[in-house]
Structure formats: structure tokens, C-alpha cells
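The values are calculated or read from the model by the stated rules, or taken from the named source; none is laboratory data. In this text the structure is predicted, and so the values were computed from the model without any measurement. Note that each Cβ is placed from the backbone with ideal geometry, even for glycine, and that neighbours are counted across all protein chains shown. Note: areas computed on protein heavy atoms with side chains; ligands, DNA, RNA excluded. Shrake-Rupley method; radii C 1.70, N 1.55, O 1.52, S 1.80 Å.
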There are 2 protein chains.
Amino acid sequence: MSKSSGFSSVASRAAQATDAAAHASVRAAHANELAEDYVEAIAMLIASRGEARVVDLAQAMGVTHVTVVRTIARLQREKLVISQPYRAIFLTPAGQSLATRSRERHELVVAFLRSMGVSASIAERDAEGIEHHCSPQTLAAFARSMRTRQTRK
Amino acid sequence: MSKSSGFSSVASRAAQATDAAAHASVRAAHANELAEDYVEAIAMLIASRGEARVVDLAQAMGVTHVTVVRTIARLQREKLVISQPYRAIFLTPAGQSLATRSRERHELVVAFLRSMGVSASIAERDAEGIEHHCSPQTLAAFARSMRTRQTRK
DNA sequence: TTGACTTTGTAGCCGATGCTACACTTTGCC
DNA sequence: GGCAAAGTGTAGCATCGGCTACAAAGTCAA
Ligand SMILES: [Mn+2]
Ligand SMILES: [Mn+2]
Ligand SMILES: [Mn+2]
Ligand SMILES: [Mn+2]
């Protein structure tokens, strides 16, 4: 087994360690992802409709109300939202803060993709996933790229 | 409920439909993600060590061997790999094809981030997540950006 | 006020992806 | 050939995030 057929075992072991860290990082991002999108959606609903209700969130996320109810329960455990039976959903200060950061990051990623020539609807779709995997350094690179406008098309 | 406090209900309903589609798209991407990274890792192991074993995959993905075994069982159900007890893991033609496409996309995303000035290790980490959320149009934009070299430091 | 409609909650199912603990097979070396 | 170590498999647990079906609560208009 592992006959290391002619190639450097050392090099591939090192590469594996790097890979493992990257994959662990992706798993961590996924663990936060839903929370980020929910608080962002809640903040937008409060801004546009005055309050965030379970049905509206279900509509926004494209899931059933049951899924929303359980997710909101988790977010409440994590002190990001406040929710009482049959009432609207509110954001805690921590939730507010996360919502603001998430919205700004979302808008940055969308704007960057648009600046690369990606169409609005596709930029929106791709950004919804990409946003959760961008380190501060990558976000900075996106912002810099847009500032130093090389006006693409 | 939904008192639509002064804002356009029509506009926010339309925005919600768009949002829902984007979130659905992200969920779909996540459903394929692990398969893509596994076949990519398997192909790399075969190239570098001659064969892909459960332990090597566990090392590469940063999970326990138990998780690898169950995931490989799923990939076999999906006809992407061939696996027999206590033997090395092989790719089916479909698995090979997916591995090649995944590797090329992975390399494109890493190269693009590098071209934006992101450091090698961070580009590798971010790309591991970003790669699964890039539409063909976005990938094309990345490739175009690198071709029309505006040599960013 | 009351009854229909809307909204929210609950029960219980599923699959995916992590884990530990333990059992079994294979491999390699003496 | 036999034994220890390494590799692989299995049992069983947990969490998360989907779902349907049904129950309960709230809202609104006649
Ligand atoms: Mn998102
Ligand atoms: Mn993702
Ligand atoms: Mn990946
Ligand atoms: Mn990858």
C-alpha cells in the first residue's frame, strides 16, 4: 500500500496538510453561512416591510415555514435573534452587527462580479455562495480591483 | 401582518423570488461539492502515489477514516468511484471526467485569486469554497481577466 | 361575534456529514 | 508461520437542514 510510485511522498504529504486545512476552512464557512443569510434577510425585511415574519423568510429563502421555524430557534440559541411564539422576529445587537457585515460583503461581491462583466442575475446567484468563502484579503483584493477601474466593457 | 410600511410590496416580493432562486442554487452547489472535492483528491492521489487509499483521503480532507468510508459508499452509489473492501479506490469514467473538470476549475480560481494579489495559501483556502459557486459565466470572466493582463503587482 | 383564512407551531420522517469505540483484515517483518 | 501495526469496516451517536401532515393560534371581515 501507498507504494509512492516514483513521486515525492514528502511533497504530497505537505500538500495534503494544506488541503486538509482548506477543507476544514470550507466546513467552518458552511457552519456560519445560513446564519449570515438569515440575519441579512431579516434585516432587509424589517427595512422593507417593517417586520420580519416566518412566512416572509420562507419566501425569501425558498424553503418551507417549518425549516424557517427550526432555523430561527437555532439562531435564538446563538443569541442572534429574538423570537416569541406568533410574533415577528427581531435581531439582537449581535444579529444586527452580523447582518450589516453580511450585507456589505454581499454587496461588495455582487458589485465586483458585475465589474468583471457578469450579468446582474448571475452575479446575484454566484455571490450568494461565493460571499461566505472570501477571506478579508480576498475581499480587499476585490475592492481594490474596483477602485483601480480598468473599465471592462 | 406584513404592514408594508411605506415601501413597495411589489418590489420586495420580486426581490424575494430572486433571492429564493439564488439560495436554492447555493443548496444545489453544496450537494455536489463534496463529490467534486473527493474525486479531485482521488485523482491527485492516484497521480502522486499510484493509488488512493482511505487513510490518504482522510488525511487530505481533514476528516476521520470513518467519514471517508461512508462518503465513498455514497460516491459508489452515484457511480463516480469503484471500491471493494480493503482495496484501493478507483474512479469510473464519470468520476474521472468530474475530477478533471473540478481540477481545472480549481486551478482557474486559484490562479485568478493569485492574479488579484491574494497570497498563495489564502488563495488556496478561499478557492476551495469559491470554486463550487462559480457559474460558467463567472469562470469565463475570471479567465478573461487573466488573459487581458493588467499585471497587478 | 363568529367563522374562514392565514400564520405559526409540532410531530415525525429523511439523508448528509461529522464523531468515538470497537472489530476485523491486511501487510510487513522477524 | 506468526505477530504487531496499520488500514479498513461497522455500530451507534449527534447535529443540521430539508420535507409533509396536522394542530393551534391569530386576524379580519361580514
Ligand atoms: Mn449567501
Ligand atoms: Mn459554499
Ligand atoms: Mn472545494
Ligand atoms: Mn477543490
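Quick one: B:Arg125 ticks every box in (1) away from DNA strand C (no atom under 16 Å from the Cβ); (2) open to solvent by 50 Å² or more (accessible area, probe 1.4 Å); (3) over 17 Å from A:Val110 (Cα atoms) bar one, so which box is it?
Tallying (1) away from DNA strand C (no atom under 16 Å from the Cβ); (2) open to solvent by 50 Å² or more (accessible area, probe 1.4 Å); (3) over 17 Å from A:Val110 (Cα atoms), B:Arg125 fails exactly one: (1).
Does B:Arg103 satisfy the condition of being more than 12 Å from chain A (Cβ to nearest Cβ) and open to solvent by 70 Å² or more (accessible area, probe 1.4 Å)?
yes
Which condition number in (1) modelled with pLDDT under 95; (2) farther than 26 Å from B:Glu128 by Cα; (3) part of a helix (DSSP H, G or I) is the one that A:Ile46 fails?
(1)
Kindly indicate whether A:Ala120 is surrounded by fewer than 21 Cβ atoms within 10 Å (Cβ to Cβ) and touching a strand residue (DSSP E or B) at 6+ places or on another chain (Cβ under 8 Å).
no
Considering A:Ala88, A:Ala41, which residue is within 25 Å of B:Ser25 (Cα to Cα), away from ligand 2 (no atom under 16 Å from the Cβ) and open to solvent by less than 80 Å² (accessible area, probe 1.4 Å)?
A:Ala41
Which of the residues spanning segment B:70-86 are assigned to a helix (DSSP H, G or I) and out of contact with any strand residue (DSSP E or B) (no Cβ under 9 Å at 6 or more places or on another chain)?
B:Arg70, B:Thr71, B:Arg74, B:Arg77
Would you mind finding the one in B:Ser97, B:Ser102 that is away from ligand 3 (no atom under 16 Å from the Cβ) and of a type in the set (Ser, Thr, Tyr)?
On inspection, the qualifying residue turns out to be B:Ser97.
Among (1) crowded, with 18+ Cβ neighbours inside 10 Å; (2) away from ligand 2 (no atom under 16 Å from the Cβ); (3) of a type outside the set (S, T, N, Q), there is one condition B:Ala22 misses while meeting the rest; what is its number?
With (1) crowded, with 18+ Cβ neighbours inside 10 Å; (2) away from ligand 2 (no atom under 16 Å from the Cβ); (3) of a type outside the set (S, T, N, Q) applied to B:Ala22, the lone miss is (2).
Per-residue answers, yes or no, for (1) among the hydroxyl-bearing types (Ser, Thr, Tyr); (2) farther than 20 Å from A:Ala29 by Cβ; (3) not in a helix (DSSP H, G or I):
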position	(1), (2), (3)
B:Asp126	no, no, no
B:His132	no, no, no
B:Ala143	no, yes, no
B:Arg149	no, yes, yes
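Please pick out the residue among B:Ala15, B:Ala94, B:Ala73 that is over 30 Å from B:Thr148 (Cα atoms), in contact with a Leu (Cβ under 9 Å, 6 or more places away or on another chain) and surrounded by fewer than 16 Cβ atoms within 10 Å (Cβ to Cβ).
B:Ala94
For a quick check of your reading of the model, give me the residue pairs whose first member lies in segment A:120-142 and is in contact (Cβ under 8 Å) with a residue 40 or more places away in the chain, whose second is surrounded by fewer than 18 Cβ atoms within 10 Å (Cβ to Cβ) and part of a helix (DSSP H, G or I), with beta-carbon atoms closer than 8 Å and at least 6 apart or on different chains.
Every condition considered, the pairs that remain are A:His132/A:His30; A:His132/A:Asn32.
Output the residue which, of all residues in segment A:52-66 that are facing another protein chain (nearest Cβ under 7 Å) and open to solvent by 10 Å² or more (accessible area, probe 1.4 Å), is nearest to the chain's Cα centre (by Cα).
A:Gly62
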